[in-house]
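Undergrad: Before I ask anything, here is the structure I am working with.
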Amino acid sequence: MTLKHVLMAALATAMFAAPAQAQDNVKVGLILPLTGPFTAIGRQVENGVKLYMAQKGDTAAGKKVEIVVKDDGGNADATKRIAQELIVNEKVAIIAGFGLTPLAMAAAPIATQGKTPQIVMAAGTSAITQASPYIVRTSFTLPQSSVPIADWAAKNGIKKVMTVVTDYGPGLDAEKWFSETFTKAGGTVESVRAPLKSPDFAPYLQKAADAKPDAIFVFVPAGQSAQFMKQYRERGLDKSGIKLIGPGDVTDDEVLNDMGDVALGVVTAHLYSTAHDSPENKAYVEAFKKANNVRPNFMSVGGYDGMHLIYEALKKTGGDTDADKLIAAMKGMSWVSPRGPISIDPETRDIIQNIYIREVKSVNGELYNVEFATIANVKDPAKAAAK
Ligand code: DHB
């Protein structure tokens, strides 16, 4: 071979090597509501994802991880279309995010058809993981927190409860699992439901006040908690002697401190508190606040842990992005999150996590969900019951 031939061969190798190198990127499509009424959810998840990558670097198993962020505006048709575009045109290996139940559900058939892992980082209706074999969840389920708060209420002198929930998947799960658990323990329950869109809670709160229960159990999605608490105070319910309880969405850490005294004494069950006392969480809160100027809430840890799941699964497959291999790698994985110890149930692909009972208290002049009891390693009760 002449020198010319050697050079040409080298050039040909380099030319063929270029696309192979491009394939070494693993693209992750992150679909979130970043405009519209649920922007706060999207931002918390996105910032959790970004913090993880800032801390751990942007490579896993020797591959560069590239996030493609898309805004669905909280609209399920947009989520579906974007999921399709990301898989078909952008060739993402994984889709992730999903700020609300209808958005996660809209993408599920696309994940199945496109054989693409779908990491649900925010939504909480139990049935989501059953919508596709390619779904793995790092957020939570509503039954997971509604059963522990029902147990707590029954053991703490509460006998009559009015439930007020948002009328869609997670609210219906919360109502069902609270009511069943609480009535089994001897309590009585009455229920009202508020619409998801443009909610005015006043009529439901009036009904609740008129019924004179020992407690009001509330589920509203993150992003509506401040409005709910404002109307709760306006009707004087915080001075009525009626206790306010629920899953922790209503005392969302991002906006809790701005709610004021109305939030003091609210008792909730949830997966994450900014005030969770662990070295992992102290470091997390400090880094998150420094980067974003707000407290991290429960949505942010879904994003942060979702990225951990993706990185560790890639490490286990040696960088192979085959969907079945990635899902197999994710099943049974366990680690310590800022929220505490968590794992992925190998049977259901749903998250197993501690649920903490917390009370809103003022600590050094700021309102926090202060944890006072832990129910360890809670599986989604809805799936446990169906077996
Ligand atoms: C869902 C959304 C929320 O904002 C929340 O706090 C809980 C659940 C959902 O749509 O699944």
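The values are calculated or read from the model by the stated rules, or taken from the named source; none is laboratory data. Please read these numbers as outputs of a predicted model, since none were measured by experiment. Using ideal geometry, Cβ is built from the backbone for each residue, glycine included, and neighbour counts are taken over all protein chains shown. Accessible surface is based on the protein model in full, side chains and every heavy atom, while ligands, DNA and RNA are left aside. Shrake-Rupley method; radii C 1.70, N 1.55, O 1.52, S 1.80 Å.
Undergrad: Name the single residue, out of those in segment 87-99 being over 18 Å from LYS63 (Cβ atoms) and open to solvent by less than 10 Å² (accessible area, probe 1.4 Å), that is farthest from the ligand (Cβ to nearest atom).
TA: Among them, the one singled out is GLY97.
Undergrad: Given the residues VAL65, VAL69, which is the only one that is more than 16 Å from the ligand (Cβ to nearest atom), open to solvent by less than 20 Å² (accessible area, probe 1.4 Å) and part of a strand (DSSP E or B)?
TA: Numbers: VAL69 fails: open to solvent by less than 20 Å² (accessible area, probe 1.4 Å).
VAL65 is the lone residue from the list that is more than 16 Å from the ligand (Cβ to nearest atom), open to solvent by less than 20 Å² (accessible area, probe 1.4 Å) and part of a strand (DSSP E or B).
Let's see how each residue does on (1) part of a helix (DSSP H, G or I); (2) modelled with pLDDT under 95:
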{"residue": "TYR311", "(1), (2)": "yes, no"}
{"residue": "PRO341", "(1), (2)": "no, no"}
{"residue": "ILE352", "(1), (2)": "no, no"}
{"residue": "VAL360", "(1), (2)": "no, no"}
{"residue": "GLU371", "(1), (2)": "no, no"}
{"residue": "LYS383", "(1), (2)": "yes, yes"}
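Undergrad: Also, quick follow-up: How many residues does segment 258-279 hold that are over 21 Å from ILE216 (Cα atoms), over 18 Å from the mean Cα position of the chain (by Cα) and open to solvent by 40 Å² or more (accessible area, probe 1.4 Å)?
TA: From segment 258-279, those over 21 Å from ILE216 (Cα atoms) are 258, 272-279; that's our starting set.
Applying the additional criterion that residues be over 18 Å from the mean Cα position of the chain (by Cα) yields 258, 277-279.
Next, only the ones that are open to solvent by 40 Å² or more (accessible area, probe 1.4 Å) stay: 258, 277, 279.
Of the residues in segment 258-279, 3 are over 21 Å from ILE216 (Cα atoms), over 18 Å from the mean Cα position of the chain (by Cα) and open to solvent by 40 Å² or more (accessible area, probe 1.4 Å).
Undergrad: Give all pairs with beta carbons closer than 6 Å in which a residue from segment 292-313 that is open to solvent by less than 10 Å² (accessible area, probe 1.4 Å) meets a residue that is of a type in the set (D, E, K, R); count only pairs at least 6 apart in sequence or on separate chains.
TA: ASN297/ASP252; ASN297/ASP253; ASN297/GLU254; VAL301/ARG339
Undergrad: If you don't mind, another one. For the subset of segment 113-126 comprising residues that are over 12 Å from the mean Cα position of the chain (by Cα) and assigned to a loop (DSSP other than H, G, I, E, B), which member is farthest from the ligand (Cβ to nearest atom)?
TA: The qualifying residue farthest from the ligand (Cβ to nearest atom) is LYS115.
Undergrad: Go through (1) of a type in the set (Phe, Trp, Tyr); (2) in contact (Cβ under 8 Å) with a residue 40 or more places away in the chain; (3) surrounded by 18 or more Cβ atoms within 10 Å (Cβ to Cβ) and name the single condition TYR168 misses.
TA: For TYR168, the failing item is (3).
Undergrad: Within segment 154-268, which helices (runs of 4 or more DSSP H) (wholly inside it) include 3 or more residues that are within 14 Å of the ligand (Cβ to nearest atom)? Working first, answer last.
TA: Numbers: elements: 169-184, 202-211, 225-234, 253-259.
The qualifying helices (runs of 4 or more DSSP H) are 169-184, 225-234, 253-259.
Undergrad: Can you go through LYS212, LYS176, LYS159 and tell me which one is surrounded by fewer than 23 Cβ atoms within 10 Å (Cβ to Cβ) and touching an Asp or Glu at 6+ places or on another chain (Cβ under 9 Å)? Give the derivation first.
TA: Values: LYS212 fails: touching an Asp or Glu at 6+ places or on another chain (Cβ under 9 Å); LYS176 fails: touching an Asp or Glu at 6+ places or on another chain (Cβ under 9 Å).
After applying the criteria, what remains is LYS159.
Undergrad: Quick one: count up the residues across segment 112-126 that are touching a strand residue (DSSP E or B) at 6+ places or on another chain (Cβ under 7 Å) and surrounded by fewer than 24 Cβ atoms within 10 Å (Cβ to Cβ).
TA: 1
Undergrad: Of all the residues that make up segment 43-57, how many are touching a Gly at 6+ places or on another chain (Cβ under 7 Å) and either free of Cβ contacts under 8 Å to residues at least 60 places away in the same chain or more than 16 Å from the ligand (Cβ to nearest atom) (or both)?
TA: 1
Undergrad: While we're here: Quickly run through segment 127-139 and pick out the residues that are open to solvent by 10 Å² or more (accessible area, probe 1.4 Å) and either within 13 Å of the ligand (Cβ to nearest atom) or part of a helix (DSSP H, G or I) (or both).
TA: Narrowing segment 127-139 to residues open to solvent by 10 Å² or more (accessible area, probe 1.4 Å): 127, 130-131, 133-134.
ALA127, GLN130, ALA131 - these are the residues of segment 127-139 that are open to solvent by 10 Å² or more (accessible area, probe 1.4 Å) and either within 13 Å of the ligand (Cβ to nearest atom) or part of a helix (DSSP H, G or I) (or both).
Undergrad: Confirm whether VAL92 is in a strand (DSSP E or B), modelled with pLDDT of 95 or more and not charged (D, E, K, R). Steps first, answer last, please.
TA: Details: in a strand (DSSP E or B): no; modelled with pLDDT of 95 or more: yes; not charged (D, E, K, R): yes.
Judged against the criteria, VAL92 is not a match.
Undergrad: May I ask you to say which residue of ALA287, ALA291, ALA283, ALA323 is over 25 Å from VAL147 (Cβ atoms) and in contact with a Ser or Thr (Cβ under 9 Å, 6 or more places away or on another chain)? Spell out the reasoning first.
TA: Values: ALA287 fails: in contact with a Ser or Thr (Cβ under 9 Å, 6 or more places away or on another chain); ALA291 fails: in contact with a Ser or Thr (Cβ under 9 Å, 6 or more places away or on another chain); ALA283 fails: in contact with a Ser or Thr (Cβ under 9 Å, 6 or more places away or on another chain).
It is ALA323.
Undergrad: Okay, moving on. Pick out the one residue from ALA373, ALA328 that is closer than 23 Å to PHE298 by Cβ, among the aliphatic types (A, V, I, L, M) and open to solvent by 30 Å² or more (accessible area, probe 1.4 Å).
TA: On the way: ALA328 fails: closer than 23 Å to PHE298 by Cβ.
Exactly one of ALA373, ALA328 is closer than 23 Å to PHE298 by Cβ, among the aliphatic types (A, V, I, L, M) and open to solvent by 30 Å² or more (accessible area, probe 1.4 Å), namely ALA373.
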